[in-house]
Amino acid sequence: MNPIRLLLVDPHQLLLDAWSHFFTSVKGFDIIGKATGVAQALHFLDTNDADVVMMEMPADPARGLDDIRQFRAGYDRAALVALSPYHTVAYAKSILQAGARAFVTKNSPQEELLEALRQVYAGQKYVCREIKDRLTQEQLSGEDPFIPLLETLSKREKQVVSMVRQGLSSREIAELLEVSAKTIEVHRYRILQKTGMPNTAALVHLFSSRGW
C-alpha cells in the first residue's frame, strides 16, 4: 500500500518541524511538504499533489473558516483535516460545511489524529471523540448549542448583533460606535462566519428565537 502523501499547514515553523519529525516515526505517511499558510500551501500544490492536508486552525474562528474556503477554492483534490483549538459543536459543523473532511481538537490524542488522517484518506469523514461526546451531552441534557456559539463572539460583535436586530444599518451602527462603516461590515462578515449563518436574516432569526 502506498503511503499517504501528507502536506502540513501551520503558521508556526517550530510546530511544522515538530509534526514533520513526529510523522517520520509513523508508518504509512510521507510528508511531501510544509507550509506556513494557505497561500504557500496552494503555491506548493501547483506542482505537487497531496492525498491529505493537515491544517492548523488559527486563534480567530472566522479566519479559520476563511482559510478552509480559500484552500478549497484553490485545490480540491486532497482531503482536509482541521486541527482546531476550539471545541464547540457549532464550530465543528461550520468547519466541515466549509469543506474540511475531518475536525480534530487539539485536546485529542495523537492516535485519534492519525485515525482521522487515515479515515479521510479512505474517503470517510471524521469528527473527534471530544466533539461527539459534546454533541451527545447536548442532546441528552437538552443543552442549547447556541450558548457555546455565542461565546465565540467578541463583546463588540455582540454589540453589533444587538444593533442589527434593532434594524440599524451598518452606517448607523458605525456612527453610534464611532467607527467606520467598513469596520462594521467586517464585524458583520465575521459574525456570519462564526455562527455559520448564510445571511443577516438568518442571523436575526437565530438570535431572536433564543430571546437574546
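Only one of the numbered conditions (1) buried (at least 19 other Cβ atoms within 10 Å of the Cβ); (2) under 17 Å from Ile4 (Cα atoms) is violated by Leu114, and that is (1). May I ask you to list the residues in segment 75-104 that are more than 24 Å from Pro3 (Cα to Cα) and either touching a Leu at 6+ places or on another chain (Cβ under 8 Å) or not assigned by TED's automatic domain parsing to the domain that holds Asp133 (or both)? Within segment 75-104, Thr88, Val89, Ala90, Tyr91, Ser94, Ile95, Ala98 qualify.
Close contacts from segment 91-106, counting a first residue that is within 17 Å of Leu135 (Cα to Cα) and a second that is surrounded by fewer than 23 Cβ atoms within 10 Å (Cβ to Cβ) and basic (Lys, Arg), with Cβ to Cβ under 8 Å and a gap of 6+ residues or different chains, come to Leu96/Lys125; Ala102/Lys125. When Pro61 is tested against the conditions (1) touching a residue at least 60 places away in the same chain (Cβ under 8 Å); (2) crowded, with 20+ Cβ neighbours inside 10 Å; (3) touching a strand residue (DSSP E or B) at 6+ places or on another chain (Cβ under 7 Å), the lone failure is (3). Would you say Ile184 is crowded, with 17+ Cβ neighbours inside 10 Å and more than 20 Å from Pro61 (Cα to Cα)? The answer is no for Ile184.
Here is the figure for segment 121-150: residues that are acidic (Asp, Glu), at pLDDT below 75 and in a helix (DSSP H, G or I) total 1.
The values are calculated or read from the model by the stated rules, or taken from the named source; none is laboratory data. Please read these numbers as outputs of a predicted model, since none were measured by experiment. No Cβ is skipped: glycine too gets one built from the backbone with ideal geometry, and neighbour counts run over all protein chains shown.
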